[in-house]
Each structure stands twice: as C-alpha cells, then as structure tokens.
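Trainee: Okay, here's the structure, questions in a sec.
The values are calculated or read from the model by the stated rules, or taken from the named source; none is laboratory data. Keep in mind the model is a prediction, meaning the values are calculated, not measured. Cβ atoms come from the backbone with ideal geometry, glycine included; neighbour counts cover every protein chain shown. These accessible areas exclude ligands, DNA and RNA; they are computed on the full protein's heavy atoms, side chains included. Shrake-Rupley method; radii C 1.70, N 1.55, O 1.52, S 1.80 Å.
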Amino acid sequence: MPSAARPYLFNDRTVDSYRDCLTEGIGRVADRIARVRGPFTGIAPDRLATEIARIDLDRPLRDPRAALDELEEVYLRDAVYFHHPRYLAHLNCPVVIPALLGEAILTAVNSSLDTWDQSAGATLIERRLIEWTAARLGLGPAADGVFTSGGTQSNLQALLLAREEARAAEPGRLRVLASEAAHFSVQKSAKLLGLDPGAVVAVPADRDRRMRPDALAWEIERCWREDEVVMAVVATAGTTDFGSIDPLPEIADVCAVTGAWLHVDAAYGCGLLVSPTRRHLLDGIERADSVTVDFHKSFFQPVSSSAVIVRDGACLRHATYHADYLNPATARVPNQVDKSLQTTRRFDALKLWLTLRVMGAEAIGELFDEVVDLAGRVWELLAGDPRFEVAARSQLSTVVFRWLPADPDLADPDLTDPDLIDRANRHARQALGASGRAMVAGTKVDGRQYLKFTILNPETTLEDVAEVLDLIDRFATEFVGDAVGGTVVRV
Ligand SMILES: *Cc1c(COP(=O)(O)O)cnc(C)c1O
C-alpha cells in the first residue's frame, strides 16, 4: 500500500504534517488557556452530554483541524482550567512548561518502561530520578522504587509490600493504622489486598488534625492484646483536607519500638522536599520503610506522575512475576517491570527530568513555598473576618473554612440553625461553580459542612481570594435570606 493511504502513521512523508498538526494543536490550546476568563464556564452536565452524544464516531472528519474545531465545542471551551488563579478547589496544579515539553516527547517516542528493550535510556533516567528522590528523602543506600500512575497506586504498592513483609499466617488479623484524616486510598488498598473490612484502624488526631503518637502507641498495644498483627502504620505528610503533617519523628519512634512498617503518604507534602525554607517539616521521613510522592500534586507536573520509594529495594521483589517473553532470569539488563504493579508503563519520569534540567529543584520548591505562604495569609484574612469561621491552620496550602451568618447573637434565632448554615455553605459552593467565577471544594468537619481552598497556583493573589470570599458571602446571604423568608423547609 502506498504511504499516502497511511497519512497518520510516522514515515518520511508525514513528518511535516506531524509537526504542523502538533504546532496547530499546541497553538490552539495555548491561545485557549490565555483567553480563559474563569476556571470553568459552569456548564451543566446534560448540556455537554447532548453535544458529545450527537457526534457520530463512525464518521471520521479526516482532518485534524476540523477535529480540533469540534474539540473546542465538546471539551476545550468548557474544561476546568487549573491554570486559572481562581481555581481553588482540589489538589490539582497548574503545570510547568518544561514538563509539557516532556509530555509531548514521551508520547511521540512512546517508550514503555517495563523492560530495557522497550525503553533503553528511559529506564536509566527513571532510575536516576528514583535515586534522586530517595536521596532527598534520606532513605539510605539500599533505597529503590518505581514511578506509578498516582498516589493511590503508590499507596497500594507500599501496602502490598508491607503485607508480604508481615508474613502473617492469617490475613484476617492484619491491621493498618492510619490517622482519621488519612487518604481513602488506604482503605481501598486494604480491600484490594484482601484484608478484613475493619482492617484499617483510625488513630485519633489532635486539634491540628495530626495523628497522636500516644494514641498510635495505645492502638498498637491494643492490637497486640487482641492478637492482631500491625501490618503497617500509615503517616500522612500533608492530609488532603487539612494539609496537616503527622508528627513523623514521634511516629517513627513508636514504629521502631514496635517493629511496625512505617509508610509515609507524602502525596501532597512531597513538594517540601525541594522547598528552600520548609524542608524541615518532613523531618523524620528518612525513617520510613516506604514513601508515596505525587509529583503531579506539588511539583507542578502533569497527571500522571507519582512514585513509591522504599528503604530496602529488595522488598520490591514482592511485585515480581516471571514472564518468559519479558524478564529472562539470566538477563543482566535493567528491568523495571520486576518492581512495578504495571506492565506497559508511561515514561512519566521524563517530565520531571526536563523540569529539573531546565528549572532546577529549587525553582519548584520556591513555587510551592509561594502557595504555602499565600495559604497562610488567606488563613489570617479569614481568621479576622466575622463572616467566616476557619478550621485548623494548614502546614501546606489548604484552608478549610465556612460561612456564618452575620452577628448570630443578635439576629433571628433561625439563623443559628446548624443545618441551615450547612445548606448555605453547600449552596454558596455550588452557585460559585455555576457562576464560572471561581471554584472551591467542600468538606465536612466534625459532621458540619465546610468549604475548602486548595491553593496550588503561584499566580493566585490575595485579591483573587478576597474576591471569592465576597462572592461566597453574597451567595450564602441570598440563600439564607430566601430560606428565612419561608421558602425552605426546616430539616
Ligand atoms: C491525592 C492524594 C492521594 C491519591 O493520589 P492520586 O494521585 O490522586 O491517586 C493519596 N494520598 C494523599 C494524602 C493525597 O492527597
């Protein structure tokens, strides 16, 4: 067949059209991002669903430009833009340009990191970055690890290794101790690993949402008394809601005395590894048996980019299975499939590599410092604002708060109804998103509805946040006004 019939495969006749196509696509998305006026248009799911449903997938356009025009309608116009300074909702970061360059290259070459003969230098680059990360963590000379798809997979793999190392006769007796503020992927992992439904024990946290080491020691003793086996302690370095960092040195002490495997979930807090001013907040992490880092949370990397790092590389063998076509036992070539839960695997490491080679680690750490500084100023702003109540002060870049009606002592007693306040906060969040002006997250604190800023964009200013607070106050006040006017039924 002549190559003209294969215009979309790489060959010497399509090189120019590949370059044009990519330039066109990147140009359009760059313009689109530059034009974005809010983080989201607020479009309703059913309207977008209709647009997407009407596309006939069996009638190709046979023209990348036409497909990009269509994409504008079904995706780009209404996408959620983390680059926007008033995107303040979840743990998503704007991405740095060297990482985007890496993304374009890694998908074009399409290396697969399972074996040397599908990757060559890519395998060595990933290994250098694992070594670099392990050295930043201070895990010692035997450390090793592997890139993963995200913190969920990193936590799962770490807990798999911990389970295998526990070598318990009865899996039903295995327990994982994590603070009540730990990430839900710990529970999900326990389920996937075949542990009992009650295997994850919530260790109480203090007022600042940090695991209490005395409570941890007490729980471990209770496990022993009840003939349960502590398979792992999961400390969180940066809880998703509160940005709290569990007291790592004290927890490491408890683990050292009791022999428990210490996993540190630093999916969010890993940015501190490169912070010029806050690295000390991770002190104690060097005593972990395994660590989760999410470069796509606090290193400004595109999804996906995460890693699980272990103190003793030998324990990665628990993820090793043999396939004649992949890892012949005699081969002395580097082989990452033996360390990973995945087989075919993206060269995500390239994004971090180019980021470090172009910008350097300090520059990333400075960006992370900026958002942590801003979150501190936002916390102070809220603490001095009678319209809001603020929860525990974050060590990272989240701020949990809620709207309160003005002057509750003097006002209508209806206004102090906690359910009404919950609904007003939920409404304000939803109305804000629908307005397209800003996006914030919601969460529960002690059963009550709160709002949450997750600040990961160094372009966000205090003025942006002040504007969002005014909008929240306006939406919540309107809602309560309507409710007290008698249109909303009391719960
Ligand atoms: C986000 C997060 C995870 C999960 O990571 P993904 O990359 O979303 O899979 C795990 N732990 C913590 C503390 C997180 O914030």
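Trainee: Please go through the stretch 138-161 and give me each residue that is of a type outside the set (S, T, N, Q) and within 16 Å of the ligand (Cβ to nearest atom), ordered by number. Talk me through it step by step, then tell me what you get.
Mentor: Just the residues of the stretch 138-161 that are of a type outside the set (S, T, N, Q), to begin with: 138-147, 150-151, 156, 158-161.
Correct list: Gly145, Val146, Phe147, Gly150, Gly151, Leu156, Ala158, Leu159, Leu160.
Trainee: When you go through Ala34, Ala30, Ala67 one by one, which is the residue that is of a type outside the set (Lys, Arg), closer than 30 Å to Thr454 by Cα, outside the structural domain of Val440 (by TED's automatic domain parsing) and open to solvent by less than 70 Å² (accessible area, probe 1.4 Å)?
Mentor: Numbers: Ala34 fails: open to solvent by less than 70 Å² (accessible area, probe 1.4 Å); Ala67 fails: closer than 30 Å to Thr454 by Cα.
Result: Ala30 is the single residue among Ala34, Ala30, Ala67 that is of a type outside the set (Lys, Arg), closer than 30 Å to Thr454 by Cα, outside the structural domain of Val440 (by TED's automatic domain parsing) and open to solvent by less than 70 Å² (accessible area, probe 1.4 Å).
Trainee: Continuing with the same structure: Could you please tell me which pairs satisfy a Cβ distance under 6 Å, a separation of 6+ or placement on different chains, a first residue in the stretch 142-155 that is open to solvent by 10 Å² or more (accessible area, probe 1.4 Å), and a second residue that is within 15 Å of the ligand (Cβ to nearest atom) and in a helix (DSSP H, G or I)?
Mentor: Partner pairs satisfying both residue conditions: Thr152/Ser185.
Trainee: So, one more: Please find, within the stretch 298-318, the residue that is nearest to the ligand (Cβ to nearest atom) out of those that are among the small types (Gly, Ala, Ser), part of a helix (DSSP H, G or I) and open to solvent by 10 Å² or more (accessible area, probe 1.4 Å).
Mentor: Gly313
Trainee: Being surrounded by 23 or more Cβ atoms within 10 Å (Cβ to Cβ) and part of a loop (DSSP other than H, G, I, E, B) is the filter; apply it to the stretch 241-264 and report the residue that is farthest from the ligand (Cβ to nearest atom).
Mentor: Ala260
Trainee: Follow-up. Can you confirm whether the stretch 53-64 contains a residue that is surrounded by 14 or more Cβ atoms within 10 Å (Cβ to Cβ) and not assigned by TED's automatic domain parsing to the domain that holds Ser275? Give the derivation first.
Mentor: To start, the set of residues in the stretch 53-64 that are surrounded by 14 or more Cβ atoms within 10 Å (Cβ to Cβ) comprises 64.
When the remaining residues are screened for being not assigned by TED's automatic domain parsing to the domain that holds Ser275, the result is 64.
Yes, the stretch 53-64 has at least one match.
Trainee: Can Asp78 be described as touching a Ser or Thr at 6+ places or on another chain (Cβ under 7 Å) and among the acidic types (Asp, Glu)?
Mentor: Numbers: touching a Ser or Thr at 6+ places or on another chain (Cβ under 7 Å): yes; among the acidic types (Asp, Glu): yes.
Judged against the criteria, Asp78 is a match.
Trainee: Would a scan of the stretch 442-453 turn up a residue that is within 24 Å of Asp373 (Cβ to Cβ), open to solvent by 10 Å² or more (accessible area, probe 1.4 Å) and touching a Pro at 6+ places or on another chain (Cβ under 9 Å)?
Mentor: No; the residues of the stretch 442-453 include none that is within 24 Å of Asp373 (Cβ to Cβ), open to solvent by 10 Å² or more (accessible area, probe 1.4 Å) and touching a Pro at 6+ places or on another chain (Cβ under 9 Å).
Trainee: Of all the residues that make up the stretch 287-307, how many are more than 26 Å from Ala104 (Cβ to Cβ) and either basic (Lys, Arg) or in contact with a helix residue (DSSP H, G or I) (Cβ under 6 Å, 6 or more places away or on another chain) (or both)?
Mentor: Quick first cut of the stretch 287-307, residues more than 26 Å from Ala104 (Cβ to Cβ) only: 287-292.
Still in the running and either basic (Lys, Arg) or in contact with a helix residue (DSSP H, G or I) (Cβ under 6 Å, 6 or more places away or on another chain) (or both): 287, 290-292.
Residues in the stretch 287-307 being more than 26 Å from Ala104 (Cβ to Cβ) and either basic (Lys, Arg) or in contact with a helix residue (DSSP H, G or I) (Cβ under 6 Å, 6 or more places away or on another chain) (or both): 4 in total.
Trainee: Taking the stretch 330-372 as the region of interest, how many residues are among the aromatic types (Phe, Trp, Tyr) and open to solvent by less than 10 Å² (accessible area, probe 1.4 Å)? Spell out how you get there, then give the answer.
Mentor: Applying the first criterion (among the aromatic types (Phe, Trp, Tyr)) to the stretch 330-372 yields 347, 353, 368.
From what's left, open to solvent by less than 10 Å² (accessible area, probe 1.4 Å): 368.
So the count comes out to 1.
Trainee: For the stretch 156-177, which positions are free of Cβ contacts under 8 Å to residues at least 60 places away in the same chain and part of a strand (DSSP E or B)?
Mentor: Taking the stretch 156-177 and keeping what is free of Cβ contacts under 8 Å to residues at least 60 places away in the same chain, we get 167, 169-176.
Leu174, Arg175, Val176 - these are the residues of the stretch 156-177 that are free of Cβ contacts under 8 Å to residues at least 60 places away in the same chain and part of a strand (DSSP E or B).
Trainee: Here's another thing I want to ask about it. I need every pair where a residue in the stretch 23-39 that is without any contact (Cβ under 8 Å) to a residue 24 or more places away in the chain has its Cβ under 8 Å from the Cβ of a residue that is among the hydrophobic types (A, V, I, L, M, F, W, C), sequence separation at least 6 or different chains.
Mentor: none
Trainee: Quick one: how many residues across the stretch 73-108 are open to solvent by 40 Å² or more (accessible area, probe 1.4 Å) and over 24 Å from Ala122 (Cβ atoms)?
Mentor: Looking only at that region, the number is 8.
Trainee: For the stretch 183-240, enumerate the residues that are touching a residue at least 12 places away in the same chain (Cβ under 8 Å), more than 16 Å from the ligand (Cβ to nearest atom) and part of a helix (DSSP H, G or I).
Mentor: Pro213, Ala215, Leu216, Ala217, Glu219, Ile220, Cys223
Trainee: Could you tell me how many of the residues in the stretch 228-240 are within 27 Å of Ala391 (Cβ to Cβ) and open to solvent by 10 Å² or more (accessible area, probe 1.4 Å)?
Mentor: If we filter the stretch 228-240 for residues that are within 27 Å of Ala391 (Cβ to Cβ), which is where we start, we get 233-240.
Going one step further and asking which of them are open to solvent by 10 Å² or more (accessible area, probe 1.4 Å), we end up with 240.
Of the residues in the stretch 228-240, 1 are within 27 Å of Ala391 (Cβ to Cβ) and open to solvent by 10 Å² or more (accessible area, probe 1.4 Å).
Trainee: Go over the candidates Val378, Val390 one by one and state the one that is in the same structural domain as Ala428 (by TED's automatic domain parsing), surrounded by 20 or more Cβ atoms within 10 Å (Cβ to Cβ) and at pLDDT 95 or above.
Mentor: On the way: Val390 fails: surrounded by 20 or more Cβ atoms within 10 Å (Cβ to Cβ).
Result: Val378 is the single residue among Val378, Val390 that is in the same structural domain as Ala428 (by TED's automatic domain parsing), surrounded by 20 or more Cβ atoms within 10 Å (Cβ to Cβ) and at pLDDT 95 or above.
Trainee: Whether any residue in the stretch 164-180 is crowded, with 18+ Cβ neighbours inside 10 Å and farther than 15 Å from Val230 by Cα is what I want to check.
Mentor: Checked against the condition, which is being crowded, with 18+ Cβ neighbours inside 10 Å and farther than 15 Å from Val230 by Cα, the stretch 164-180 yields no hits at all.
Trainee: So is Thr14 without any contact (Cβ under 8 Å) to a residue 40 or more places away in the chain, β-branched (Val, Ile, Thr) and buried (at least 16 other Cβ atoms within 10 Å of the Cβ) or not? Quick ask: steps written out before the conclusion?
Mentor: Details: without any contact (Cβ under 8 Å) to a residue 40 or more places away in the chain: yes; β-branched (Val, Ile, Thr): yes; buried (at least 16 other Cβ atoms within 10 Å of the Cβ): yes.
Answer is yes for this residue.
Trainee: What number of residues within the stretch 265-297 satisfy the criterion of being assigned to a helix (DSSP H, G or I) and either within 12 Å of Gly151 (Cα to Cα) or outside the structural domain of Gly138 (by TED's automatic domain parsing) (or both)?
Mentor: First pass over the stretch 265-297, keeping only residues assigned to a helix (DSSP H, G or I): 269-274, 279-282, 285-287, 295-297.
Pick out the ones that are also either within 12 Å of Gly151 (Cα to Cα) or outside the structural domain of Gly138 (by TED's automatic domain parsing) (or both) and you get 269-270, 295-297.
So the count comes out to 5.
Trainee: A further question on this structure: Please go through the stretch 68-97 and pick out each residue that is in contact with a Lys or Arg (Cβ under 7 Å, 6 or more places away or on another chain) and assigned to a loop (DSSP other than H, G, I, E, B). Spell out how you get there, then give the answer.
Mentor: The initial filter retains those residues of the stretch 68-97 that are in contact with a Lys or Arg (Cβ under 7 Å, 6 or more places away or on another chain), namely 68, 76, 86, 91, 93.
Selection gives Arg86, Leu91, Cys93.
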